[in-house]
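Values in this text are rule-based calculations from the coordinates and carry no lab data. The structure presented is a predicted model; accordingly, all values stated were derived computationally and were not measured. Here the Cβ is made from the backbone with ideal geometry for all residues, glycine too, and neighbour counts use every protein chain on show.
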Amino acid sequence: MSGSVTGAHLGWRRVLRRKPISMLNAESGADTGGGELRRGIGTARLTMIGVGSTVGTGIFIVLNEAVPKAGPAVVLSFVLAGITAALTALCYAELASAIPVAGASYTYAYATLGEIIAYVVGACLLLEYGVATSAVAVGWGEYLNALLGDTVGWQLPAALSAPPGDGGIVNVPAAVLVALCCVLLMRGAKESATINAITVCIKLGVLLLFVVVALRAFDSANLHPFTPFGIAGIGTAASTVFFSYIGMDCVSTAGEEVRNPRRTLPLAIFWCIVIVTTIYILVALAGVGAQPWGRFEGQSAGLAAILGDITHAGWPAILLAAGGVVSIFGVTLTTLYGQTRILFSMGRDGMVPKFFHTVHPRRRTPIRNTAVVSAFVGLLAAVVPLDTLANLTSMGTLVAFTVVSIGVIVLRRTRPDMYRGFRVPGYPVVPVLSVAACVYLIVELPWETYLMFVIWIGLALALYFGYGIKHSKLAALPEDANEAAAQ
């Protein structure tokens, strides 16, 4: 009996072993400015990575999915999601300043909560980024067709521009978009960040134009009834749109490719949340004020359609459709980038095959990793409908955000004297509120999402016990090193 108890105890110690923070920082070159990846991104471009992976996802795509669930009160859904994201952003900022390493929530969980939890979080992040990239790529075909129809009078046939379930057979534009982003990411993170910054400036200009024009047609009658589905509708829509707040997590995946990461990461996370939340609320309010909420459901390229109805002219809709094409390109680029860096970090830890950790000697980017991820994401975008993808992304995002907030509490208790470039104000209230808000939004997701999520986590755990636990770099460390990590 004692032997089995001892074996079980050792088994739990193996799956809950934590990676020493000193090892994490040494591997990434956080304190020396070195590392395996090239450091060339500053605060402005890092902020644009966060904004680029967020603005466009929620407004250009998911508004048509969320308004039918909440009505005009979708504005409050964005506020609720924004408050949740802001609370979590403070937690992200503290952990990013203390552990400025690629891997984001996965890395933070590995340092604070243990290996198996980190693996589950890593699976959530891969789901979050992979499905989010696919979700926005799906919508690219809609805006591309809107642009082609308004400019040259021709569109791609529905069979080749939408996935099964949305009236098509295969979404060719989505697959092509992912392939283009793949090639750009292979060239280098700095170059990709520059292209992304350009697309962000274009999309913000286009969205501000939409706000100005839509507010001119604002009709308060369109806001009645404001909450046709009650409080429950607001919560359900907030859960759906929350996937559009993954930008701050994408910021933290760049921890090994930014200059002065302990200062740059918290600043970029802060500015990302401020810019994103402001834009979302303005566009949502202008949209539901300019058009009856019942017309949003099933409306293709919604914002472009709203502008066309308001102006009865061609140029505003053409401009917005072009902005959607550029915007979604930027979103796809940055979320695809985030997923490859998660896998890079997991590969370095031995959690997934070393293949994903291989870096090109000259470009200093994980080229093989990027190619495999892009192939998977492109296939997903080509054949899976948008609404399924949006809810799955929200689940993965919320679980990862919950773990980050818990990680702040754990690290404050286990390493109170550790250097932090930023500390969460109002501790421990803010992390606790962040966890509570995330759990609330998780509860509001539909049961089908839970089923698919459980299947995904089951597959991840099978991979962990079949591969990760045996190949983990921590398995080769002496037991006292793992003990030191837990102190």
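Quick notes
- Using a Förster distance of 41 Å, the FRET efficiency for ALA232-GLU191 (Cβ separation, nearest 0.05): 0.35
- Shape call, the chain: gyration tensor on alpha carbons, a/c limit 1.5: prolate
- Ordering of 175-183, 204-212 by packing is 175-183, 204-212, highest average first (other Cβ atoms within 10 Å, averaged per residue).
- Charge sum, other residues only, whose C-beta stays under 15 Å from GLY287's C-beta, Lys/Arg counted +1 and Asp/Glu -1: -1
- You can think of it this way: the chain between LYS473 and LEU461 has 2.5 nm of extra reach, that is 0.36 nm per residue less the Cα-Cα gap.
- The residues packed around ILE195, meaning those with a beta-carbon under 14 Å from its beta-carbon, carry a net charge of +3 if Lys and Arg are +1 and Asp and Glu are -1.
- Linear extension gain, LEU180 paired with ALA217, 0.36 nm per residue minus alpha-carbon span: 9.6 nm
- Estimated FRET transfer efficiency when R0 is 41 angstrom, pair ALA436-LEU160 (beta carbons, to 0.05): 0.35
- Packing, as the average of other Cβ atoms within 10 Å across residues, places the peptides 341-352, 101-112 in the order 101-112, 341-352, highest first.
- Shape call, segment 290-331: gyration tensor on alpha carbons, a/c limit 1.5: oblate
- From helices alone, the chain scores -23000 deg cm²/dmol at 222 nm; the rule is -39500 (n - 2.57) for each run of n ≥ 4 DSSP H residues, then divide by the residue total.
- Proxy reagent accessibility, fewest Cβ within 10 Å first, across PHE226, PHE270: PHE226, PHE270
- Close lysine pairs were tallied over the chain: pairs 8 or more places apart or on different chains with Cα atoms under 28 Å apart number 8.
- Segment 335-464 shape via C-alpha gyration tensor axes, a/c threshold 1.5: oblate
- Helix runs (DSSP H) in the chain reaching 18 Å along axis by Cα, Kyte-Doolittle at least 1.0: 74-98, 115-151, 172-187, 189-216, 261-290, 315-348, 367-383, 386-414, 429-443, 447-463
- Take 328-338, 256-266, 460-470 and order them by the average number of nearby Cβ atoms within 10 Å per residue, most first; the result is 328-338, 256-266, 460-470.
- Compared with the alpha-carbon gap, the fully stretched path from ARG38 to THR278 is longer by 83.2 nm at 0.36 nm per residue.
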